[in-house]
Amino acid sequence: MPQRNMDPQRCPMPSQPPEVRSKNFSEVALGYTAEMAVAEARRCLSCKNRPCVSGCPVGIDIPAFVAKIAAEDFEGAYQVLAASSSLPAVCGRVCPQENQCEGRCVRGIKGESVGIGRLERFAADWHRQHVSASPALPAKNGHKVAVIGAGPSGLTAAGDLAKRGYQVTVFEALHLAGGVLVYGIPEFRLPKAIVQQEIDGLKALGVEIRTNMVIGKVLTIDELLDEYGYAAVYIASGAGLPRFMNIPGESLKGVYSANEYLTRVNLMKAYQPGSATPIQKSRSVAVVGGGNVAMDAARSAKRLGAETVYIVYRRGMSELPARKEEVEHAQEEGVVFRLLANPVRVLGNENGCVTGLECVEMELGEPDQSGRRRPVEKAGSNFVLEVDTMIMSIGTSPNPLLRTTTPGLEADRRGCIVTDGAAGRTSREGVFAGGDAVTGAATVILAMGAGKEAAAAIDAYIQGKSK
Ligand code: FAD
Ligand code: SF4
Ligand code: SF4
């Protein structure tokens with residue numbers, strides 16, 4: 001039994017210094033060395049009641065994988081992770097661990113919790129760098145399943161179904177697979193090579209990925225089921241439709257949705273000279289919103305050379321929905337937080353270009369239905385931020401295309417597809433759904449968990465029908 005490390009502080013994560021990283025798109029956090037990982041893993045108390053596991057939406061056996069790292073069995077640690085998660089290198093980087101597994105860790109009571117996410121990332125990276133065995137190809141069972149959307153939910157379902165012997169085709173609207181992992185979350189938080197490797201792993205399992213296929217336009221769900229011989233369809237089309245505030249001036253040149261801005265940066269490489277979809281060169285940028293997406297947009301704008309980048313958010317610091325680590329990173333990189341402020345009008349010049357953002361100061365009143373204190377305008381407190389670019393990051397909802405082209409597919413008033421809970425069955429027979437398309441914008445791990453549950457439900461449905 002390795003000796004326990006009772007240091008109340010976790011082993012710090014090596015990172016690029018703020019003044020260096022704010023000028024490049026390389027990954028900010030550099031990852032633990034083997035020595036650091038072993039020292040951190042030895043902080044785990046191997047609690048019998050495993051509180052951390054109850055905080056993980058896919059129930060990873062955390063004490064077991066951490067114990068393997070403590071014993072320097074890194075591949076063994078990866079195998080424990082792989083039993084419950086198909087994207088550990090991704091989740092180790094982007095899961096909101098502080099509210100999930102790490103939020104329940106007993107070491108957090110009198111010090112810092114065990115760095116579970118950092119250890120997960122370490123084991124997954126170690127496996128990727130050291131093990132290249134190709135997976136055993138499962139025997140085909142003769143049934144075809146279509147997956148719509150190649151984000152974490154669709155990819156997870158595809159992998160699980162392929163392992164059960166199904167012939168799986170993933171239809172993806174964009175020219176690259178990965179969903180938000182490639183077009184939303186920037187390279188400096190999640191290197192795209194990692195996502196690509198996961199996708200290559202699925203292809204090695206026999207999953208076919210067809211890009212540039214917008215289902216609802218090129219083919220409908222009914223055609224997939226009735227004419228193309230798919231026994232079931234899994235909808236994992238995400239929630240990529242941006243919301244705007246409907247304030248005056250939102251159609252001016254220089255106003256972007258965060259999704260468009262980040263897609264131009266991440267997917268179309270707009271920062272490279274000669275890119276087919278360029279991006280405006282900004283001097284001063286206001287990003288409206290306080291979630292992870294807003295932090296990603298603000299930090300990307302900084303890296304693209306903007307001198308001043310504001311986060312404009314109508315509540316206070318403690319209400320910011322973004323991960324604490326992302327907020328700290330943004331602050332270190334020089335992003336300015338204009339909290340308790342709400343935009344009322346985008347100002348423009350005679351050429352139709354943004355010149356400023358008029359805001360009003362807010363104060364927090366009584367709690368609203370969500371339990372958070374409601375922001376209330378302070379009369380007469382208007383002020384103007386001089387900016388040439390505004391990025392709206394106040395949320396997204398599912399695109400209506402699939403529900404409007406699939407008769408009988410029920411959706412709620414937010415446009416989210418209605419399912420019967422964990423199994424992901426929709427109102428249409430043979431059609432399942434999960435991830436952000438069902439929950440609205442949520443997290444990678446929840447989308448993956450839904451993909452896993454739907455794969456099991458689809459298997460049960462098809463096997464039940466073929467008896
Ligand atoms: P998506 O990842 O959205 O994938 C859906 C895919 O379906 C897309 O590729 C889309 O092109 C495709 N599609 C849509 N319609 C069709 C159609 N009709 N036909 C074919 N294909 C279609 N979560 C975290 O846990 N941690 C984070 O740090 C984090 N940061 C984020 C940062 C940003 C900028 C964004 C936008 C989101 C972030 N999230 C984060 C949320 C997380 O990425 C999502 O919850 C998750 O990706 C949802 O997975 P999904 O598979 O349901 O959908
Ligand atoms: Fe924690 Fe996310 Fe890993 Fe689960 S998947 S153990 S919540 S980091
Ligand atoms: Fe280890 Fe913390 Fe989980 Fe206990 S709660 S087993 S200390 S990770």
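The values are calculated or read from the model by the stated rules, or taken from the named source; none is laboratory data. Since this is a predicted model, take the numbers as computed values, not measurements. Cβ atoms come from the backbone with ideal geometry, glycine included; neighbour counts cover every protein chain shown. All accessible areas refer to the heavy atoms of the entire protein, side chains included, with ligands and DNA or RNA removed. Shrake-Rupley method; radii C 1.70, N 1.55, O 1.52, S 1.80 Å.
Would you be able to tell me the number of residues in segment 435-450 that are touching a Gly at 6+ places or on another chain (Cβ under 6 Å) and more than 12 Å from ALA239 (Cβ to Cβ)?
1
Checking VAL346 against (1) under 28 Å from THR439 (Cβ atoms); (2) open to solvent by less than 20 Å² (accessible area, probe 1.4 Å), which single condition isn't satisfied?
Here VAL346 meets the rest and fails (1).
Could you please give the count of residues in segment 67-106 that are more than 28 Å from LYS192 (Cβ to Cβ) and touching a Leu at 6+ places or on another chain (Cβ under 7 Å)?
1
Exactly one of these conditions fails for PHE65: (1) within 16 Å of ligand 1 (Cβ to nearest atom); (2) open to solvent by less than 40 Å² (accessible area, probe 1.4 Å). Give me its number.
(1) is the only condition that PHE65 fails.
Inside segment 396-433, can you point out the residues that are in a loop (DSSP other than H, G, I, E, B), modelled with pLDDT of 95 or more, among the basic types (Lys, Arg) and over 11 Å from ILE221 (Cα atoms)?
none
Identify, from the list ASN382, ASN349, ASN342, the residue that is more than 30 Å from GLY92 (Cα to Cα) and either without any contact (Cβ under 8 Å) to a residue 24 or more places away in the chain or out of contact with any strand residue (DSSP E or B) (no Cβ under 8 Å at 6 or more places or on another chain) (or both).
ASN349
Given the options GLN129, GLN197, GLN167, name the one that is open to solvent by 60 Å² or more (accessible area, probe 1.4 Å), within 24 Å of ALA457 (Cβ to Cβ) and more than 16 Å from ligand 2 (Cβ to nearest atom).
Exactly one of GLN129, GLN197, GLN167 is open to solvent by 60 Å² or more (accessible area, probe 1.4 Å), within 24 Å of ALA457 (Cβ to Cβ) and more than 16 Å from ligand 2 (Cβ to nearest atom), namely GLN167.
Tell me whether segment 80-96 contains one or more residues that are crowded, with 16+ Cβ neighbours inside 10 Å, within 16 Å of ligand 1 (Cβ to nearest atom), over 17 Å from GLY115 (Cβ atoms) and hydrophobic (A, V, I, L, M, F, W, C).
There is at least one residue in segment 80-96 that is crowded, with 16+ Cβ neighbours inside 10 Å, within 16 Å of ligand 1 (Cβ to nearest atom), over 17 Å from GLY115 (Cβ atoms) and hydrophobic (A, V, I, L, M, F, W, C).
Going through segment 114-126 one residue at a time, which ones are touching a residue at least 40 places away in the same chain (Cβ under 8 Å), open to solvent by less than 30 Å² (accessible area, probe 1.4 Å) and within 16 Å of ligand 1 (Cβ to nearest atom)?
Correct list: ILE116, GLU120, ARG121, ALA124.
When residues of segment 251-283 are filtered for being among the polar types (S, T, N, Q), modelled with pLDDT of 90 or more and buried (at least 19 other Cβ atoms within 10 Å of the Cβ), how many remain?
Looking only at that region, the number is 4.
May I ask you to list the residues in segment 1-53 that are within 27 Å of the chain's Cα centre (by Cα) and among the basic types (Lys, Arg)?
ARG10, ARG21, LYS23, ARG50
Please give the number of the condition GLU358 fails out of (1) more than 16 Å from ligand 1 (Cβ to nearest atom); (2) surrounded by 21 or more Cβ atoms within 10 Å (Cβ to Cβ).
It fails just one condition, (2).
Is at least one residue of segment 196-216 among the hydrophobic types (A, V, I, L, M, F, W, C) and within 29 Å of GLU40 (Cβ to Cβ)?
Within segment 196-216, none of the residues are among the hydrophobic types (A, V, I, L, M, F, W, C) and within 29 Å of GLU40 (Cβ to Cβ).
Which residues, taken from segment 97-108, are open to solvent by 20 Å² or more (accessible area, probe 1.4 Å) and either modelled with pLDDT under 95 or within 13 Å of ligand 1 (Cβ to nearest atom) (or both)?
GLU98, ASN99, GLN100
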